[in-house]
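Written out below as structure tokens is the structure these notes cover.
The values are calculated or read from the model by the stated rules, or taken from the named source; none is laboratory data. Note that the structure is predicted; figures quoted are calculated from it, not measured. Backbone-built Cβ (ideal geometry, glycine too); neighbour counts: all protein chains shown. Each accessible area value is taken on the protein alone, full model and side chains, heavy atoms only, with ligands, DNA and RNA left out. Shrake-Rupley method; radii C 1.70, N 1.55, O 1.52, S 1.80 Å.
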Amino acid sequence: DAVRAHVEGRLGLQLAIGRVEVAPFSLSARVTDVAITTPDAAPLVSFGELGVDLSAASLWRRSLVIARAELIAPRIDATLSADRRLNLLALLPPADTARPPDSPGDDALPAIDLAEFVVSAGAASFEDRGREPALRVELRPIEFTLRDFSTRRDTGNRYRLQARAVSGESLQWQGSFDLQPFAARGEFSLAGVTASTVQRYAGELLPFDVTDGRLRLTAGYEVVARQQGGVDVRASVERLDAANLAFKERVAGIPGAGGPTAAAAEDPAVRISGLALRGARVDLGEQRVDLGRVGVQGLQV
């Protein structure tokens with residue numbers, strides 16, 4: 001009832017819940033077929049099943065200890081409207097319902113220990129209706145694992161994410177993070193990125209058209225919060241490989257609602273049969289970029 005009152009009363013959204021099962025003796029709970037939609041039934045977030053198994057260690061460790069949590073078939077449907085409004089912001093409480101300034105508050109994080117959190121058969125979609133034609137991205141399946149999570153200091157919080165786009169691109173991402181103070185580090189790789197994907201997502205930002213090629217990227221990052229404020233951000237590109245790249249000159253531009261549209265020369269202005277980047281480094285704090293080693297094969301201009 002409290003969840004429904006929050007979702008439907010405070011947020012003005014619709015909530016559907018299939019079944020709730022609680023087993024007090026085994027300290028477990030299951031919730032199935034949950035969906036949150038807008039008042040006109042447009043989907044926002046949903047999942048098939050959420051299972052939580054608590055540990056009896058909560059009694060003596062003075063924290064909420066979760067032995068395992070599993071989220072099955074979650075889905076996120078994100079939409080950016082033509083007037084640049086993100087539908088998922090509807091899940092946030094309205095500003096006028098925030099905690100009153102004179103009310104007591106505790107900014108300390110609650111004590112929570114989570115041994116394992118697993119997400120399986122996930123899916124996510126994003127649609128930008130401000131572009132012409134509308135840009136749509138679909139990721140499925142999404143698999144995510146978080147182990148040894150804790151809101152306490154120096155715990156590691158190791159995670160691993162795998163996702164695949166319906167167009168064939170794949171993402172592998174793993175790392176760890178700390179909450180107090182905040183720090184995150186990890187590595188990720190992208191494979192199977194095609195020219196059509198680059199053109200579809202970033203074409204409006206480029207002064208040329210990417211007409212051919214395939215990319216593969218392996219990179220790492222580190223983000224550390226400073227005690228005096230701000231963050232240090234460092235990133236590395238261990239390897240970037242591209243094959244059969246082709247770029248066409250954009251010979252005319254006509255601004256439009258969905259960004260510039262242009263005619264392109266029939267033949268590619270630039271072709272590169274092979275491009276390799278190794279050991280690039282970026283340090284935002286020092287405002288420094290080191291390209292490492294760059295190799296180009298079969299350059300035709």
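Between Asp212, Asp40, Asp283, the Gaussian network model of the chain with springs among Cα atoms under 10 angstrom shows the greatest mean-square fluctuation at Asp40. Compared with the direct C-alpha span, the chain from Ala111 to Ala73 gains 10.9 nm at full extension, assuming 0.36 nm per residue. A 1.4 Å probe run over the protein chains yields, for the chain, 62 Å² of accessible area per residue, whole-number rounding.
Restricting the calculation to Cα atoms, the range 173-243 shows an Rg/Rh of 1.13 when the hydrodynamic-style radius is the Kirkwood one. The alpha carbon centroids of the range 1-32 and the range 114-182 are separated by 24 Å.
Looking only at GluC sites (Glu not before Pro) in DSSP loops with at most 14 other Cβ atoms within 10 Å, what is the longest site-free stretch of the chain? Answer from the scan: 1-265. Its relative contact order, with pairs defined as Cα atoms under 8 Å and 6+ residues apart, puts the chain at 9 percent. Most mobile of Ala242, Ala78, Ala57 per a Gaussian network model of the chain (Cα springs, under 10 Å)? Fluctuation is largest for Ala57.
The heavy atoms of Leu91 present about 50 square angstrom of accessible area, all protein chains included, probe 1.4 Å. Taking 18 Å as the cut-off, the amide N atoms of the range 18-43 that come nearer than this to a point 7 Å along the Cα-to-beta-carbon line of Ala134 belong to 37-43. The gain in end-to-end length when the Val166 to Leu59 segment is fully stretched comes to 34.0 nm, 0.36 nm per residue minus the alpha carbon separation.
Measuring r between the beta carbons of Gln227 and Arg4 and using R0 = 45 Å, the FRET efficiency lands at 0.60. Maximal additional length on extending the Ala121-Arg293 stretch stands at 58.0 nm, based on 0.36 nm per residue less the C-alpha distance. For trypsin sites (Lys or Arg not before Pro), the sites in the range 17-80 that DSSP calls loop and that have at most 10 other Cβ atoms within 10 Å are Arg62. Rounded to the nearest 20 debye, the dipole magnitude of the chain is 540 debye, with +1 charges on Lys and Arg beta carbons, -1 on Asp and Glu beta carbons, and the Cα centre as origin.
This structure gives Kirkwood radius over Cα pairs in Å, computed directly, and of [x] 21.8; [y] 20.9; [z] 23.1 that value is listed as [z]. Using a probe radius of 1.4 angstrom, the carbon and sulfur fraction of the accessible surface of the chain is 58%. Can you give the FRET efficiency to the nearest 0.05 for Val301 and Arg147, using r as the Cβ-Cβ distance and R₀ = 35 Å? FRET efficiency, Val301 to Arg147: 0.10.
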